[in-house]
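Accompanying notes for the structure given below.
The values are calculated or read from the model by the stated rules, or taken from the named source; none is laboratory data. For clarity, every value in this text was computed on a predicted model and none was experimentally measured. Quick reminder, even Gly has a Cβ in these numbers, built from the backbone with ideal geometry, and neighbours come from all protein chains shown.
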Amino acid sequence: MESVKIEKLLEAYFDGSTTLAEEKLLRDYFNNNNVAGHLEQYIPIFKGLQVAREERSSRDFEMPESKPKTIKTWWYSVAAMLVVAFGVGSFYFSQPQYTQEEKEALAAFEESKNAMMLLSENLNKGAGQLTLVEQFEITKDKIFE
């Protein structure tokens with residue numbers, strides 16, 4: 001019965017779906033001397049993993065010291081404030097500053113433009129009436145022929 005459970009655990013182990021507790025159970029099973037005959041082929045795997053786990057390096061490693069970051073986070077806020085200030089300033093100074101005479105000229109121009117638009121609309125209405133007169137002439141000529 002136990003070998004059936006171990007075989008299922010081995011299958012799950014090689015699929016990579018075992019938990020740490022199940023892997024410990026497999027290690028304990030294969031590291032003792034009571035292994036079933038048809039499972040003895042897996043003993044070197046778990047013995048090798050045990051040896052690798054106990055292996056330690058005697059070499060000293062030196063890690064290079066990392067330099068502290070010179071850019072602080074407050075530099076980002078200062079840069080953001082400068083960008084916003086530049087944007088607001090350029091918007092403010094790009095607005096045209098008109099003198100009183102220029103304002104009066106712009107008002108007169110707008111008034112003239114409105115008058116021309118009104119004249120154009122009335123002329124277009126008149127041109128529409130002329131097409132009706134032209135149609136009347138064509139019909140009249142057909143009747144009197």
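Contact map, segment 89-110: residues that are surrounded by fewer than 10 Cβ atoms within 10 Å (Cβ to Cβ) paired with residues that are modelled with pLDDT of 85 or more, Cβ distance under 9 Å, separation 6+ or inter-chain. Pairs shown: P96/E102. hydroxyl-bearing (S, T, Y), surrounded by 10 or more Cβ atoms within 10 Å (Cβ to Cβ), assigned to a helix (DSSP H, G or I) and within 41 Å of the chain's Cα centre (by Cα) - does that describe any residue in segment 61-84? Taking every residue of segment 61-84 in turn, at least one turns out to be hydroxyl-bearing (S, T, Y), surrounded by 10 or more Cβ atoms within 10 Å (Cβ to Cβ), assigned to a helix (DSSP H, G or I) and within 41 Å of the chain's Cα centre (by Cα).
Residue check: is S66 small (G, A, S), modelled with pLDDT under 80 and in contact with a His (Cβ under 9 Å, 6 or more places away or on another chain)? For S66, the condition - small (G, A, S), modelled with pLDDT under 80 and in contact with a His (Cβ under 9 Å, 6 or more places away or on another chain) - is not met.
The set of residues from segment 43-60 being surrounded by 14 or more Cβ atoms within 10 Å (Cβ to Cβ) and either of a type outside the set (A, V, I, L, M) or part of a loop (DSSP other than H, G, I, E, B) (or both) comprises just one member, F46. The requirement of being assigned to a helix (DSSP H, G or I) and over 51 Å from the mean Cα position of the chain (by Cα) is satisfied by E40.
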